[in-house]
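This report concerns only the one structure given below.
Readers should treat all values here as calculations from the given coordinates under stated rules, not as data from a laboratory. Just so it is clear, the model here is predicted, and its values are computed rather than measured. Don't worry about glycine lacking a Cβ; one is built from the backbone with ideal geometry, like all the others, and counts go over all protein chains shown.
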Amino acid sequence: MRKTILKITIVLLVIIILPIGFFLVNELSKLSQDEQMVERVFNKQLESILYSVNQYSENVISYWASNLDLPIDCNGQAMDGIANNILANNPSILQIGFIQINSNKPLAIYNKHAEILNNYIGPKGIEVNRLIEFIKNGYQKIENLSIDDTTVLYFVMKNQPENVLCYITLDPERFIQQSLGPEIQQVSQELFYISVSDSLGGNVIYATEGNISDSLDVQQTALWYFPQYTMGIRLLSQTLDELVSERGQKSRNLLWGIVFIVFIGAIFVIRNIRKEFHLAELKSDFVANVSHEIRTPLALITMYAETLKLKRIKNEEKQDKYLSTIYSESLKLANIVNRILNFSKIEKKKTIFNFEPLPVNELINEIFDSYKAHFETNNVSVEYSPLKTDVYINGDSGGITEALINLFDNAVKYGKASNKKVTLRSKIQKKSVIIEVEDNGIGISSKDRNLIFEKFFRVSKGDLANNIQGSGLGLNIVKQIMKSHNGSVSVKSKPGEGSCFCLKFPIIKNNNHG
Ligand code: ADP
């Protein structure tokens, strides 16, 4: 049996556990790669959020440029309307101007507050040849220049007959707060903290809502058109490392959970297989035992019946002896067959018990009386102490008789070779009545004590199995009968000193109430 279990375990290992094991080890090792990947992807995402803010600022500035770069007179009425409209709608713009590049002469200057801002605050001393080259190639580039607290955005116009430079001077902090602010707030999605600070001093000039700690990771980039300002982004509540390792931990826990379940499952399967094999082994022992038990009485019956039939025995006394042997051996046979049938019925839950209130003393007396002769034939001295006051239990008299007779049979079978003694005792313990059958026989080892109530189990040590016939069903039948009676069976025993089997039934009423 061991070999077969070993084989099944190995097969199980090879076809289920090993592949799952490899898979899990592989997954666990891939986890750290995944973590790095998540980190990379996440960083890219942060980058792209910052990129989108820069892109937005480019869109706004390009929109202004396309509105100003029209084939109209820079100093005319139409341009006046357009420039003043842009100035009015964008509080951050301080001045818009047009300069003729060749003569370096201002063509027109539009101020926000003419009364305060009369001065020219456009680009000075800049190199525009590159921009002219770009225009020739069909590409308009907008450059930026930081002058004091202002930023000047300038580009060469496409639609003028001569080379004209258009510039927009603005207050960068105001632009960031008023024009980029709403966009930054929107892209932060309340998940990120985005701030814009002055690159030199580090003063934050705009930030989204939320309290953050300085220890949180920051991803930074300069604003395209305002490189003197840096935009930073970070997660609101956790560092990226914390976020990634939290995810990793969750996946690891899940994988270990699977390992644990697979492990428990394998143990469960192997244990069940072992149990089934053990049962199969017990069953085959049972068949051998029962065949042996049946063969002996059958051989005796056949032999004596044949002798009688041939009328070889003339002596009447001897004939009587033969007949009574045939009778007692047939009873033995009937007993074995009945036990097997009863067991199979109880196993399949087909036994119908007729429960009724039964007075304990009366019932035990009856069973004891019917068995007394058997004790005497086997030279067993018996002591019986009934209850002082009788009580009732709810039971099936046939079932209880069978259980007790099984215990009596065992007490006789496994009793001492000489001076066999059996004590039958009933007593009350709290709300139960206890019926004890004690013998002074061979006893049961502590290891076997847990197994004797299993079906087909017989103690097979020494020559007990060979010497004493049995099927290994008796105590299992007792256990099942007791279970149907909401009771229990237990045993106290020491090898060589005897055993005491104890049946416990719930009391339903005392005699004086009944
Ligand atoms: P069987 O007696 O047919 O073998 P049982 O189910 O009645 O089957 O008993 C199972 C085993 O328990 C027996 O084989 C025997 O080893 C042990 N056993 C039962 N009763 C006693 C007893 N009174 N004393 C010692 N051993 C016992």
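Measure out, as a whole number of angstrom, how far apart the alpha-carbon centroids of segment 177-210 and segment 371-449 sit. Result: 91 Å between the Cα centres. Across q = 0.09 Å⁻¹, the chain modelled as identical point scatterers on its alpha-carbon atoms has Debye log10 I(q)/I(0) values of -0.84, in the order of the q list. Taking the average, over residues, of other Cβ atoms within 10 Å as the packing measure, peptides 24-30, 53-59, 166-172, 393-399 rank 166-172, 393-399, 53-59, 24-30 from highest down. Here, segment 1-148 is characterised by an Rg to Rh ratio of 1.52, where Rg is the alpha-carbon radius of gyration and Rh the Kirkwood radius.
Modelled spin labels at GLU183 and LEU12, positioned 7 Å past Cα toward Cβ, are 6.5 nm from each other. Ranked from largest, the principal axis spans of the Cα set of segment 359-419 equal 37, 23, 16 Å. State log₁₀ I(q)/I(0) for segment 383-462 at q = 0.15, 0.16, 0.26 Å⁻¹ as given by the Debye formula over alpha-carbon point scatterers of equal weight, solvent excluded. Scattering profile of segment 383-462, log10 relative to I(0): -0.69, -0.78, -1.34.
For every other residue with a beta carbon closer than 12 angstrom to the beta carbon of PRO506, add +1 if it is Lys or Arg and -1 if Asp or Glu, then tell me the sum. Within the 12 Å Cβ shell, the charges total +4. Per the Cα gyration tensor, segment 110-249 maps to an equivalent ellipsoid with semi-axes of 38, 19, 12 Å, ordered largest to smallest.
With the largest listed first and rounded to whole Å, the semi-axes of the equivalent ellipsoid of segment 311-358 from the Cα gyration tensor are 39, 14, 5.
Backbone phi angles across segment 195-206, fed through the Karplus curve with coefficients 6.51, -1.76 and 1.60 (θ = phi - 60°), yield HN-Hα couplings of 9, 10, 9, 6, 4, 7, x, x, 6, 7, 9, 8 Hz in residue order; Gly and Pro are listed as x. FRET efficiency for the SER330 to LYS275 pair, using the beta carbon distance and R₀ = 56 Å, is estimated at 0.90. Descending by average beta-carbon neighbour count within 10 Å, the peptides 94-100, 122-128 line up as 94-100, 122-128, the highest first.
If you fit an axis through the alpha-carbon atoms of helix 2-12 and take the longest principal axis of the Cα set of the chain, what angle between them do you get, 0 to 90°, nearest 10? In the chain, helix 2-12 runs at an angle near 20 degrees to the longest axis.
Most simply put, the chain has about 90% antiparallel DSSP beta bridges, counting only bridges with both residues inside it. Once both axes come from the Cα atoms, what is the angle between helix 397-413 and the longest principal axis of the chain, in degrees from 0 to 90, rounded to 10? For 397-413 against the chain, the angle is about 70 degrees.
Under 11 Å from the 7 Å Cα→Cβ point of GLU35, by amide nitrogen: which residues of segment 249-276? Within reach of a label on GLU35, which here means backbone N under 11 Å from a point 7 Å along Cα→Cβ, segment 249-276 contributes 249-252.
Separation of the alpha carbons by more than 29 angstrom is noted, of LYS388/LYS492; LYS283/LYS427; LYS283/LYS430; LYS44/LYS141; LYS332/LYS479, for LYS283/LYS427; LYS283/LYS430. Potential lengthening of the chain between SER370 and VAL337 amounts to 9.8 nm, from the contour at 0.36 nm per residue minus the alpha-carbon distance. Near LYS421: Cβ cut-off under 9 Å, other residues only, Lys/Arg at +1 and Asp/Glu at -1. The net charge is -1.
Over all Cα atoms in segment 184-334, the spread is summed up by Rg and Dmax: 46.3, 136 Å. Shown for segment 357-514 is the translational diffusion coefficient from the Stokes-Einstein equation, using the Kirkwood radius over Cα pairs, a temperature of 20 °C and a viscosity of 1.002 mPa s: 134 µm²/s.
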